[in-house]
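First comes the structure, then the notes that go with it.
The values are calculated or read from the model by the stated rules, or taken from the named source; none is laboratory data. Values in this document were obtained by computation on a predicted structure and should not be read as measured data. Here the Cβ is made from the backbone with ideal geometry for all residues, glycine too, and neighbour counts use every protein chain on show. SASA here: full protein model, heavy atoms, side chains in, ligands and nucleic acids out. Shrake-Rupley method; radii C 1.70, N 1.55, O 1.52, S 1.80 Å.
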Amino acid sequence: MIHKYKTRICDAVNEMCGLSIHTNPETICGVIRYKDLDLDDNIISDYDVFCFNKNDLDKYKPGMINKVKQLDEIKENPLNPIQTYCFMFEDWKDILGYQMSDVSLHLYPMDEIITAIIHELTWFGYDYETSQKNREKEIAVLDDRMNYDPEKCISAEELFEQLEAEIDSYYDETPEEKAKRKADEKEKRERTRKMEDSLIIENYNYKIDYWDSYYVEQSE
């Protein structure tokens, strides 16, 4: 399995190297590390890959966004003038022509940066043609979902109630056992929520450091 994946990645990289790239010095590709929880509530690290317009850097100044200690404080901060976005739905030829963030290159090992970017590039396929077709299919699906009939929809609350009832039907338990299971599940959800809130704050503050570092790099 690993050998098959490695072969696909190598083939994809070889094809990328042979593409006619559309150079775009105004768009910068950034990679930043963030923390998350796995299904067992263990803290893990991963990379977020994003793009932004070079001109937006002129709108940012260190100190304009404060670091926070509580989740509610994020709402009180001004929005970051540097608008970032995912390049998942863009053409390989365009993406490969973006400039790489100097801060990302300074902060992280080159192999980890490349791995993160290739993971995003190959999201819809390991070759250019397949990636193009799958991306277009996904865009069509998303467009179709926008044409929904509200009368045929149910609320999120109703959906979760249905899911909970379906889950409960799998258990053969006494009322006491059910009550204990529900209490344990509630306790776990609360513990997970607190951990998630803590990581949101940590990731938020870390990203402020990232942009401050970018400003210093550009000033130098």
Practice task
Taking only the range 1-23 into account, find how many residues are open to solvent by 70 Å² or more (accessible area, probe 1.4 Å) and part of a helix (DSSP H, G or I).
Solution key: 9
Handout entry: Sole exception among (1) among the hydrophobic types (A, V, I, L, M, F, W, C); (2) farther than 13 Å from Val31 by Cβ; (3) surrounded by 15 or more Cβ atoms within 10 Å (Cβ to Cβ) for Phe87, by number
Key = (2)
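Criterion first (over 17 Å from Gly30 (Cβ atoms), modelled with pLDDT of 95 or more, open to solvent by less than 80 Å² (accessible area, probe 1.4 Å) and charged (D, E, K, R)) does Lys93 satisfy it?
The answer is yes for Lys93.
Answer with yes or no whether Pro62 is over 21 Å from the mean Cα position of the chain (by Cα), farther than 16 Å from Asn24 by Cα, surrounded by 13 or more Cβ atoms within 10 Å (Cβ to Cβ) and modelled with pLDDT under 95. Before the answer, list the steps.
Numbers: over 21 Å from the mean Cα position of the chain (by Cα): yes; farther than 16 Å from Asn24 by Cα: yes; surrounded by 13 or more Cβ atoms within 10 Å (Cβ to Cβ): yes; modelled with pLDDT under 95: yes.
Yes; evaluated as a whole, the condition is true for this residue.
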Exercise for the section: Six or more apart or on different chains, Cβ under 6 Å: which pairs go from a residue in the range 123-140 that's within 25 Å of Asp48 (Cβ to Cβ) and hydroxyl-bearing (Ser, Thr, Tyr) to one that's in a helix (DSSP H, G or I) and open to solvent by 60 Å² or more (accessible area, probe 1.4 Å)? Could you list them? Expected result: Tyr126/Arg8; Tyr128/Glu15
Practice task
Check off (1) open to solvent by 70 Å² or more (accessible area, probe 1.4 Å); (2) under 21 Å from Asp38 (Cα atoms); (3) in a helix (DSSP H, G or I) for Lys137 and give me the number that stays unchecked.
Solution key: (2)
